[in-house]
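Visitor: I'd like to ask you about the structure that follows.
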Amino acid sequence: MKKILRITLMVSFLASCAAPITVKVNSTREEKIPMRDFNLASVMIGPMAQPVMPLVDAAAFNKKTNQIAHLIMDEEERIIEEYKHILVNTLNGYLSTQIVTSNQLDREIKSPYVVEKGIQTENKNFPIVFFSEGDLNIAAFGKGKNVNTIFKNDETLKARVGEIAEKMGISNIAVSYNRLAVVGAGAFGAYGTITLQSYLFVYDAFGNMLIDVEGWTKPEPIKGKDLIEYKVQLHKFEVLAAEMSRRLAEYIQKV
């Protein structure tokens with residue numbers, strides 16, 4: 001009886017610790033999309049999204065974040081390979097179609113598109129988008145702020161995806177873009193509200209969007225001065241990846 005009680009209490013504890021998340025899926029097709037392979041070209045961690053309003057409050061809080069930006073980016077660079085490992089595993093767990101990563105693509109053909117660790121952006125405080133090893137870049141990031149502008153509304157991206165898909169002989173390309181986001185600031189920047197945002201974009205061989213999946217963790221208050229507050233959010237990717245993969249599987253069928 002005591003053993004059963006301990007197990008019950010442990011399950012209850014773990015459930016209470018699970019990060020509440022929200023996931024949304026948009027598909028351009030009414031029916032399931034047939035796929036032989038699911039080609040994951042890149043997994044990225046981009047610049048942190050920071051609030052601009054209320055003006056004084058946001059500026060005061062952002063100052064605290066910016067003072068340790070180099071430490072936050074060090075952690076993002078360190079964890080990016082783990083993100084890829086997690087995402088590939090969860091996709092394999094939920095999708096019936098074969099998952100192909102950038103590491104499995106032809107080395108010579110993919111060479112012009114491969115990123116060495118990261119790409120410089122125009123973001124002053126968080127100037128790098130980190131890529132996992134051997135991944136391909138399809139986008140121009142600018143300041144890395146507007147995800148829709150970068151990944152949905154760019155004709156250059158569309159052409160680049162089409163070019164890569166044609167050279168590789170693949171029928172789709174998927175990319176995973178992730179970032180921390182401070183979505184609000186309290187009076188005089190005494191605290192901020194932070195979340196982990198994750199995006200999974202799937203394009204056809206012509207660069208047209210097929211599916212986009214967006215997920216984010218429950219926003220939580222932080223004081224902003226300590227690295228651990230940001231690390232805690234970065235380490236919530238696993239629960240996001242699992243639910244996003246599960247939802248994605250509802251829109252894809254193996255051929």
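The values are calculated or read from the model by the stated rules, or taken from the named source; none is laboratory data. All of these numbers come straight from a predicted model, not from anything done at the bench. Using ideal geometry, Cβ is built from the backbone for each residue, glycine included, and neighbour counts are taken over all protein chains shown. Heads up: the accessible areas ignore ligands, DNA and RNA and are worked out on the full protein's heavy atoms, side chains in. Shrake-Rupley method; radii C 1.70, N 1.55, O 1.52, S 1.80 Å.
Visitor: What lysines could a cross-link reach from Lys145, if we take a straight Cα to Cα line under 18 Å and drop same-chain neighbours fewer than 8 places away?
Guide: Of all the lysines, those that pass the test against Lys145 - Cα under 18 Å, at least 8 places apart if same chain - are Lys63, Lys124.
Visitor: Under a 5 Å amide H to amide H cut-off, with H placed in plane at 1.01 Å, what residues pair with Leu210 once short-range neighbours are removed?
Guide: Amide H neighbours of Leu210: Val202, Tyr203, Asp204.
Visitor: In addition: Toward the positive end of the charge dipole of the chain, about the Cα centre and with charges on Cβ (Lys, Arg +1; Asp, Glu -1), which of Leu87, Met73, Phe188 goes farthest?
Guide: Toward the positive end, the furthest listed residue is Phe188.
Visitor: Taking the alpha-carbon distance from Lys32 and a cut-off under 19 Å, which lysines remain once sequence neighbours fewer than 8 residues away in the same chain are dropped?
Guide: Those lysines meeting the cut-off are Lys24, Lys254.
Visitor: Report the full-extension gain for the segment Ala187 to Glu30: residue separation times 0.36 nm, less the Cα-Cα distance, to one decimal in nm.
Guide: Working: separation 157, 0.36 × 157 = 56.52 nm, distance 4.55 nm.
Extra length from Ala187 to Glu30 when fully extended: 52.0 nm.
Visitor: Once every DSSP H run of n ≥ 4 in the chain is given -39500 (n - 2.57) and the sum is divided by its residues, what mean residue ellipticity at 222 nm do you get, rounded to the nearest 500 deg cm²/dmol?
Guide: Numbers: 8 runs with 99 residues, N = 255.
Calculated mean residue ellipticity at 222 nm is -12000 deg cm²/dmol.
Visitor: Where q = 0.09, 0.10, 0.15 Å⁻¹, what log10 of I(q)/I(0) comes from the Debye formula for the chain, counting one point per Cα?
Guide: Here log10 of I(q) over I(0) equals -0.42, -0.52, -1.07.
Visitor: Spin-label point model (7 Å from Cα, Cβ direction): what's the Glu108 to Lys231 distance in nm?
Guide: Here the modelled spin labels are 4.5 nm apart.
Visitor: For Lys84, give me every one of the lysines with a C-alpha distance below 20 angstrom, ignoring sequence neighbours fewer than eight places off in its own chain.
Guide: Lys110, Lys117, Lys231, Lys236
Visitor: Could you identify which residue out of Val52, Val161, Val182 has the top mean-square fluctuation in a GNM of the chain using Cα springs shorter than 10 Å?
Guide: Comparing Val52, Val161, Val182 in the GNM, the peak value goes to Val52.
Visitor: Still on this structure, please answer the following. Share of region 83-181's accessible area from carbon and sulfur, percent, 1.4 Å? Show your work: numbers first, answer last.
Guide: Numbers: 2130 of 4830 Å².
Of the solvent-accessible surface of region 83-181, carbon and sulfur hold 44 percent.
Visitor: How big, on average over all directions, is the shadow cast by the Cα convex hull of region 114-204, in nm²?
Guide: Numbers: hull surface 27.2 nm².
Directional mean of the projected Cα hull area for region 114-204 stands at 6.8 nm².
Visitor: Would you mind classifying region 86-237 by shape? Square roots of the alpha carbon gyration tensor eigenvalues, ordered a ≥ b ≥ c; an a/c under 1.5 is rounded, otherwise it is prolate if a/b is larger than b/c and oblate if not.
Guide: On the way: a/c = 2.10, a/b = 1.77, b/c = 1.19.
Taking the square roots of the gyration eigenvalues as a ≥ b ≥ c, region 86-237 is prolate.
Visitor: Accessible area per residue of region 154-193 at 1.4 Å probe, in Å²?
Guide: Details: 1630 Å² over 40 residues.
Dividing the accessible area of region 154-193 by its residue count gives 41 Å².
Visitor: Report the gain in length on full extension from Asn148 to Glu122: 0.36 nm times residue separation, minus Cα-Cα distance, nm rounded to one decimal. Kindly include the intermediate steps, with their values, before the conclusion.
Guide: On the way: separation 26, 0.36 × 26 = 9.36 nm, distance 1.69 nm.
Stretched out fully, the Asn148 to Glu122 stretch lengthens by 7.7 nm.
Visitor: Oh, and also: Compute the semi-axes of the equivalent ellipsoid of region 55-102, taking the square root of 5 times each eigenvalue of the Cα gyration tensor, and list them largest first in whole Å. Each step should come with its number before you reach the end.
Guide: Working: eigenvalues 262, 36, 9 Å².
Each semi-axis is √(5λ); the values are 36, 13, 7 Å.
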